[in-house]
């Protein structure tokens, strides 16, 4: 730690010490933010259909029947590689996450708010508070509906909220 001054100048020394600590903390926080941003950018990248492994291509062909394919991406999470296909099905979005063996891991599918069960609508509206619900997606993991996720606009800021299939708050986000 750098200390400047002693005796009568100790208050100046203390101020300099605090300022130096603040600069070091700020520089560390900035470096961490840049590193984390770089890691998240590196985790997902757009790819072409030709880049898909054969097992994933087979699943994509089955999942995209009667749909428009918008694009593909490759993601790395906890050392595992996943592939995502973005689809439009009957006018709404559907994203399918597939593991390297071709198994469907997760599906996020846009659903009309009016088509939701009453308890799900109520749960989403409660969590949204004064915000406006912009759109809702169902989240299905390994063939099981696990949550509904809504994009919400509140005072010009967008956020996401989730509730369980029963409309109740989740113990953890999906």
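The values are calculated or read from the model by the stated rules, or taken from the named source; none is laboratory data. Quantities reported herein were computed from a predicted structural model and do not represent experimental measurements. When we count neighbours, we look across all protein chains shown, and the Cβ atoms used for this are built from the backbone with ideal geometry, even at glycine.
Values as computed for the structure displayed
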| quantity | calculated |
| --- | --- |
| Close pairs from the range 139-153: first more than 13 Å from residue 163 (Cα to Cα), partner modelled with pLDDT under 95 and surrounded by fewer than 18 Cβ atoms within 10 Å (Cβ to Cβ), Cβ under 7 Å, at least 6 apart | 141/174 |
| Some residue of the range 142-150 being surrounded by 12 or more Cβ atoms within 10 Å (Cβ to Cβ), farther than 24 Å from residue 46 by Cα and either outside the structural domain of residue 51 (by TED's automatic domain parsing) or in contact with a helix residue (DSSP H, G or I) (Cβ under 8 Å, 6 or more places away or on another chain) (or both) | yes |
| Hits in the range 119-137 - residues which are out of contact with any helix residue (DSSP H, G or I) (no Cβ under 7 Å at 6 or more places or on another chain), over 19 Å from residue 82 (Cβ atoms), touching a residue at least 12 places away in the same chain (Cβ under 8 Å) and not in a loop (DSSP other than H, G, I, E, B) | 119, 120, 122, 123, 124, 127, 128, 132, 134, 135 |
| Residue match in the range 108-115 (condition: surrounded by 12 or more Cβ atoms within 10 Å (Cβ to Cβ) and touching a helix residue (DSSP H, G or I) at 6+ places or on another chain (Cβ under 6 Å)) | no |
